[in-house]
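A short write-up of the structure that comes next.
The values are calculated or read from the model by the stated rules, or taken from the named source; none is laboratory data. For clarity, every value in this text was computed on a predicted model and none was experimentally measured. Methodologically, a virtual Cβ is constructed for each residue, glycine included, from the backbone with ideal geometry; neighbour enumeration extends over all protein chains shown. Note: accessible area is taken over every heavy atom of the protein model, side chains too, but ligands, DNA and RNA are not part of it. Shrake-Rupley method; radii C 1.70, N 1.55, O 1.52, S 1.80 Å.
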Amino acid sequence: MAQQVRGVVARGKGEPVSVETITVPDPGPGEAVVKVQACGVCHTDLHYREGGINDEFPFLLGHEAAGVVESVGEGVTEVAPGDFVVLNWRAVCGQCRACRRGRPWYCFDTHNAKQRMTLADGTELSPALGIGAFAEKTLVHAGQCTKVDPAASPAAAGLLGCGVMAGLGAAINTGAVTRGDSVAVIGCGGVGGAALMGSRLAGASRIIAVDVDDSKLETARRLGATHTVNSRTVAADGGDVVEAIRELTGGNGADVVIEAVGRPETYRQAFYARDLAGTVVLVGVPTPEMQLELPLLDVFGRGGALTSSWYGDCLPSRDFPMLVDLYLQGRLDLDAFVSETIALDGVEEAFEKMHRGEVLRSVVLF
């Protein structure tokens, strides 16, 4: 029987979100209903509210979540009622050309639930990233549920569902940071902070955090940065961020530069701040109108790799349990990303705090 729960809805572009009654249907074939325990407030949810993803309003927001499987539909074998899971928005199909080539993290046909959750009046909702987890319960494809150790804090584990995984994966999976590498991370919000932590976990010897905010740089040191650069202060003093990074890397530039802002000007800094044959990883999300211009000779002459990172190039079934195990061993401080815990009706205020740069993550607890 369908259930009615509370959820956070964005009804129109730029409008404040509201807590409304949501109807969650019983799971159909391949689907699962999850009782949400915690859900992080991510920038992507704000992009949905602002119409920056698409205009399929109303949206049921929330996607960075952990909870317990309540029920499953026909044919579901990978999870069962009672399993503690982290939700993911790339449930791989196993059949597309990327999956067949052994690169499922690039899957071109990821799964979502076929049924729609609705408002009480029957209006269909568009769940953010196919999840919609700012709700007491949500309906997802069973492949979006990754079983992990239930000893983990839901508030911490849920952050692997998006931002923290994106940053960790940008360093470990996409950038292939390894022992002794030098790394620079431009932009030290939640994703950039996770890239710093991932670089430390991978054994990087020099980890440079770059941001315009001293408070974020202070946090960056706690997350793994060995050096910090305030790009605003450097510019005010007539300096250059690229030169500052080079000075900290023996005049050469970093082996890996992770751009976690998503702007042309910061990408250019990343491009020129890397060592010859170094790697630039774009994990910051640009807007559609942004354009980048680089001398083609520089692209050729500097060698190396320019790559983007989708969801940290993660494979949830592989990466989530491993990272939760590291968390439980005390080797990965996911709790450091939880700036505050809030109630479901605090999401709009959390958006404002996030916009002002006051938090790494606000997390809704149920």
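Are any of the residues in the range 287-306 touching a residue at least 60 places away in the same chain (Cβ under 8 Å), within 20 Å of V183 (Cα to Cα), not charged (D, E, K, R) and not in a helix (DSSP H, G or I)? Let's see the steps before the verdict.
Within the range 287-306, the subset touching a residue at least 60 places away in the same chain (Cβ under 8 Å) is 287.
With the extra rule that they be within 20 Å of V183 (Cα to Cα), the set shrinks to none.
No, the conditions are met nowhere in the range 287-306.
So which of A336, A343, A350, A305 ends up being closer than 21 Å to S18 by Cβ and open to solvent by 10 Å² or more (accessible area, probe 1.4 Å)? Steps first, please.
On the way: A336 fails: closer than 21 Å to S18 by Cβ; A350 fails: open to solvent by 10 Å² or more (accessible area, probe 1.4 Å); A305 fails: closer than 21 Å to S18 by Cβ.
A343 is the lone residue from the list that is closer than 21 Å to S18 by Cβ and open to solvent by 10 Å² or more (accessible area, probe 1.4 Å).
Only residues in the range 315-337 that are within 16 Å of G224 (Cα to Cα) count as the first member; pair them with residues that are crowded, with 17+ Cβ neighbours inside 10 Å and at pLDDT below 95, Cβ under 6 angstrom, at least 6 apart or cross-chain, and list the lot.
Short answer, once both residue conditions are applied: F337/L360.
Do we find that D319 is touching a helix residue (DSSP H, G or I) at 6+ places or on another chain (Cβ under 6 Å) and part of a helix (DSSP H, G or I) in this structure?
On the way: touching a helix residue (DSSP H, G or I) at 6+ places or on another chain (Cβ under 6 Å): no; part of a helix (DSSP H, G or I): yes.
For D319, the condition - touching a helix residue (DSSP H, G or I) at 6+ places or on another chain (Cβ under 6 Å) and part of a helix (DSSP H, G or I) - is not met.
Can you name the condition, by its number, that W310 falls short on among (1) modelled with pLDDT of 95 or more; (2) among the aromatic types (F, W, Y); (3) surrounded by fewer than 19 Cβ atoms within 10 Å (Cβ to Cβ)?
Result: W310 passes all but (1).
Given the criteria aromatic (F, W, Y) and without any contact (Cβ under 8 Å) to a residue 40 or more places away in the chain, does F134 qualify?
On the way: aromatic (F, W, Y): yes; without any contact (Cβ under 8 Å) to a residue 40 or more places away in the chain: no.
Criteria not met by F134.
So, in the range 18-53, how many residues would count as being modelled with pLDDT of 95 or more, open to solvent by 30 Å² or more (accessible area, probe 1.4 Å) and hydrophobic (A, V, I, L, M, F, W, C)?
So the count comes out to 1.
Go through the range 164-189 and count every residue that is open to solvent by 10 Å² or more (accessible area, probe 1.4 Å), closer than 13 Å to A209 by Cα and either of a type in the set (A, V, I, L, M) or in contact with a strand residue (DSSP E or B) (Cβ under 6 Å, 6 or more places away or on another chain) (or both).
Of the residues in the range 164-189, 1 are open to solvent by 10 Å² or more (accessible area, probe 1.4 Å), closer than 13 Å to A209 by Cα and either of a type in the set (A, V, I, L, M) or in contact with a strand residue (DSSP E or B) (Cβ under 6 Å, 6 or more places away or on another chain) (or both).
Restricting attention to helices (runs of 4 or more DSSP H) lying wholly within the range 57-169, give those where 3 or more residues are under 22 Å from the mean Cα position of the chain (by Cα) and under 17 Å from P321 (Cβ atoms).
Working: elements: 97-100, 154-157, 163-169.
In the range 57-169, the matching helices (runs of 4 or more DSSP H) lie at 154-157, 163-169.
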